[in-house]
Amino acid sequence: MEEELLNEIAAGKAAGVEDSHLNEVSTANTKCPGCGANMRFDPKTQGLLCPYCGKKQALPSEFLTAEIDLKHALVTGEKWAEADKLFACETCGAKVVVTAGSAARNCPFCGAANILETKELPGVKPNGVVPFALAEGEALTIAKKWAKKKLFAPGKFKKSVTPQALGGVYSPCFTFDSMTESLYDGRFGEAITVGTGKNRRTEIRWYHVSGSYDYNFDEITVNADTRVEEKTLRKLAPYHTNGALAYRSEFLSGFMANHYNRPVEEMWGEAKTLMDSTIRNGIIHRYGADRVAYLNVSTVHPCPTYKYVLIPVYVGHFTFRKKRYNWYVNGVSGKITGKAPVSFWRVLSAIALGVGAIALAALLL
């Protein structure tokens with residue numbers, strides 16, 4: 001079945017197959033009925049809000065339930081709607097998507113102003129989104145508290161946590177589902193105790209195993225953007241993509257979305273590696289093996305599916321001695337992680353205080 005999927009991929013790329021599973025989405029910004037300005041998505045009400053006259057508009061919240069056949073992501077390369085814009089930062093190379101009628105602000109990763117619109121917008125478009133639930137002010141408060149706890153960070157860093165250094169960005173991820181079917185054979189060992197007294201010892205009793213193992217994988221999540229490290233998203237997790245809403249461009253109003261920059265084939269390969277590890281561990285656990293001499297597993301994925309989901313992240317940036325530092329806030333839970341610069345003078349002062357305290361204690365003793 002895996003070979004058939006690869007053949008379909010090759011044939012589809014050659015023929016330019018169209019994807020009938022993804023519906024076109026209107027991306028035009030919603031105009032305020034009161035003053036005509038562009039409305040923004042409001043995390044608090046989960047609807048649209050006019051930043052000028054305060055007019056509100058509800059949004060339908062349709063849960064994302066449809067899984068899409070994986071071959072369509074690999075074959076078609078369906079574009080985002082033409083009304084969406086892709087902006088590229090000339091300083092750090094970041095690429096972000098905004099809706100029609102929106103202007104890209106400074107780059108959310110480095111703060112550079114030289115962010116230019118480009119015509120290129122390849123790849124499949126998202127079919128799901130986890131909307132922001134935290135307002136920008138709440139994320140800023142969380143970040144300020146986090147920065148104050150960085151004892152060795154320079155004072156400039158702590159003062160840099162301002163609205164100008166913070167941006168709301170939807171980070172792309174792919175989730176994969178697959179009902180796997182595996183055949184296996186191997187040689188396992190069981191540790192047993194033999195003998196008595198001084199002759200008591202542990203030996204391994206080896207035995208052969210073979211059989212089939214089926215496992216239904218759900219929501220194997222893979223990061224789709226190399227600009228945000230995998231370990232960063234793990235620290236911010238969970239995002240509960242199972243509760244994602246069907247994609248609507250209105251969720252992006254007032255925010256940006258990272259354009260994914262990893263090939264779908266590569267992400268599917270990473271997902272399969274995670275699945276293979278789970279399958280192997282499951283087979284070993286089935287027998288309660290203490291030792292594994294070898295285990296051969298052959299797995300097929302009869303009908304793998306995917307969802308392309310945008311998850312909300314607030315990104316902060318700070319440059320210190322020509323090096324950029326980013327910090328990230330989960331746009332739903334408020335979890336925060338990131339790197340802070342270290343001030344040589346603060347470290348030196350801490351060492352001096354420590355040495356002084358030790359010397360004083362020695363004199364007192």
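Extending 7 Å from the Cα toward the beta-carbon at both Gln46 and Thr278 defines two label points whose distance is 2.6 nm. Accessible surface computed residue by residue for the range 118-217, with neighbouring protein chains in place and a 1.4 Å probe, gives 53 Å² per residue. Loop-located trypsin sites (Lys or Arg not before Pro) across the range 178-224 with a Cβ neighbour count of 10 or fewer within 10 Å are Arg200, with loop assigned by DSSP.
Give the residues of the range 210-233 whose amide nitrogen is closer than 15 Å to a point set 7 Å from the Cα of His285 in the direction of its Cβ. Taking a point 7 Å out along Cα→Cβ of His285, the residues of the range 210-233 whose backbone N falls under 15 Å are 213-218.
Restricting the range 268-309 to trypsin sites (Lys or Arg not before Pro) that sit in a DSSP loop and have at most 16 other Cβ atoms within 10 Å of their own Cβ leaves nothing.
The values are calculated or read from the model by the stated rules, or taken from the named source; none is laboratory data. Since we're looking at a predicted model, the values are computed, not measured. Positions of Cβ are backbone-derived with ideal geometry, glycine not excepted, and every protein chain shown enters the neighbour counts. Surface areas here come from the heavy atoms of the whole protein model, side chains and all, with no ligands, DNA or RNA. Shrake-Rupley method; radii C 1.70, N 1.55, O 1.52, S 1.80 Å.
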